[in-house]
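So the structure is just underneath, and the comments pick up after that.
Laboratory data are not the source of any read-out in this text; all were calculated from the coordinates shown. No experiment lies behind these values; they were computed from the predicted model shown. Backbone-built Cβ (ideal geometry, glycine too); neighbour counts: all protein chains shown.
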Amino acid sequence: MILAPSLLSANFADLKSDVDLINESSADWLHIDVMDGVFVPNISFGFPVMEALKKISYKPLDVHLMIVEPDRYISRFKEAGANILNVHYEACTHLNRTLNQIRKEGMKAAVTLNPHTPVVLLEDIISDADMVLLMSVNPGFAAQSFIENTYNKVSQLKELILRKNANCLIEVDGGINLENAKKLSALGADAFVAGNSIFATPDIKAAIAEFKAL
């Protein structure tokens, strides 16, 4: 299981302390949500925060762009430290070109689907993606409830990946806890973004270890 704690649920008044705990933990990636107030109704981390995180994080930065016109900023996010760049299917007019540009910049290219967006739309693009991120909540805010239909979407996506013989990971983000992560993993999910179920606990490193032991 690949685990990516979501910085959106961390203590904003003391981000460095929380990042240090992630560095010391068995987590695999650090998940960073970038919101522009247009594609989603919230605003979050920008380039100055990412550049600061790049200096203190020992974990690869898994960056999720919840923004319009992501193509404009691909090289800029590479410079800011992104290792994996997630762009929304719903925000990309020419998704193949966007994913190829991300790869040319030396990052892993991932495509994200909102809860209402069907997996079948990736039929002709799945081989161009290193990862698909399935949103299991509506994007834009932390601490939302898990959408149960995500189980079906993981199964459908896994079938598509196998049928197309694609080398593509499945990541799930939103309302993730130990119970649903175990079920999703059994269905074929590879990576999990966890926020409150890690940062709202009294022992962040112990919570991460529980996930990694599933």
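Descriptive notes on the structure:
- For the stretch 43-114, the relative contact order is 31 percent, taking Cα pairs closer than 8 Å that sit 6 or more residues apart in sequence and dividing their mean separation by the residue count.
- Counting only residues at least eight positions apart within a chain, or on another chain, the aspartates and glutamates with an alpha carbon under 19 Å from that of K183 are E148, E159, E171, D173, E210.
- When each of the peptides 29-37, 122-130 is scored by the mean number of other C-beta atoms lying within 10 Å of its residues, the order from highest to lowest reads 29-37, 122-130.
- Among V40, V154, V120, the largest mean-square fluctuation in a Gaussian network model of the chain (Cα springs under 10 Å) belongs to V120.
- Estimated from helical segments only, the mean residue ellipticity of the chain at 222 nm is -10000 deg cm²/dmol, where each DSSP H run of four or more residues counts as -39500 (n - 2.57).
- Our summary gives the stretch 75-214 a relative contact order of 18 percent, counting only alpha carbon pairs under 8 angstrom and 6 or more residues apart.
- Charge-dipole axis of the chain as Lys and Arg at +1 and Asp and Glu at -1 on Cβ define it, positive-most pick from N114, N165, P139: N165
- The distance from the alpha carbon centre of the stretch 1-43 to that of the stretch 133-193 is 18 Å, rounded to a whole number.
- 19 Å Cα-Cα threshold exceeded, pairs from K78/K212; K54/K78; K59/K205; K104/K153: K78/K212; K104/K153
- Taken about its Cα centre, the chain carries a charge dipole of roughly 380 debye when the Cβ of each Lys and Arg holds +1 and the Cβ of each Asp and Glu holds -1.
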